[in-house]
Amino acid sequence: GFSAARGWRLWPGTTSVVGPRGIERLPDEEGGVFVLPLSAELTFDGDLACDWRSGDAW
């Protein structure tokens, strides 16, 4: 409720990380990632990927 009230939307698609071994799917993160659409037009039916970093990807 807190994030949604401020314009954040729950990502309904799949989630991945772009890491040293390429693109890896992160099914445990699905259903828990929010995005804030500002200037970019998003389609909410694809894969959302982030860059690899040490620690948790999301």
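Dividing the radius of gyration of the alpha carbons in the chain by their Kirkwood radius gives 0.98 for Rg/Rh. Express the carbon and sulfur contribution to the solvent-accessible surface of the chain as a percent, rounded to the nearest whole number, probe 1.4 angstrom. Exposed carbon and sulfur together represent 51 percent of the surface. Ranking TRP11, TRP52, TRP58 by solvent-accessible area of protein heavy atoms (1.4 Å probe, all protein chains present), from largest to smallest, gives TRP52, TRP58, TRP11.
Around VAL17, under 12 Å between beta carbons, what's the net of Lys plus Arg minus Asp minus Glu among the other residues?
Working: positive: ARG21, ARG25, ARG53; negative: GLU24, ASP28, GLU29, ASP47, ASP51, ASP56.
So the surrounding residues net to -3.
Between amide H atoms placed 1.01 Å from N, distances below 5 Å from LEU48 occur with THR14, THR15, SER16, all of them 5 or more places distant or on a separate chain. Dipole of the chain computed with +1 at Lys/Arg Cβ and -1 at Asp/Glu Cβ about the Cα centre; of ALA5, ALA40, SER16, farthest Cα towards the positive end is ALA5.
Heavy-atom accessible area per residue, the chain, 1.4 Å probe: how many Å²?
Per-residue value: 76 Å².
Note: relative contact order over the chain, using C-alpha pairs below 8 Å and six or more positions apart, is 40 percent.
The values are calculated or read from the model by the stated rules, or taken from the named source; none is laboratory data. No experiment lies behind these values; they were computed from the predicted model shown. Neighbour counts are summed over all protein chains in view; Cβ atoms, including those assigned to glycine, are modelled from backbone coordinates with ideal geometry. What goes into the accessible areas is simple: the full protein's heavy atoms, side chains included, and nothing from ligands, DNA or RNA. Shrake-Rupley method; radii C 1.70, N 1.55, O 1.52, S 1.80 Å.
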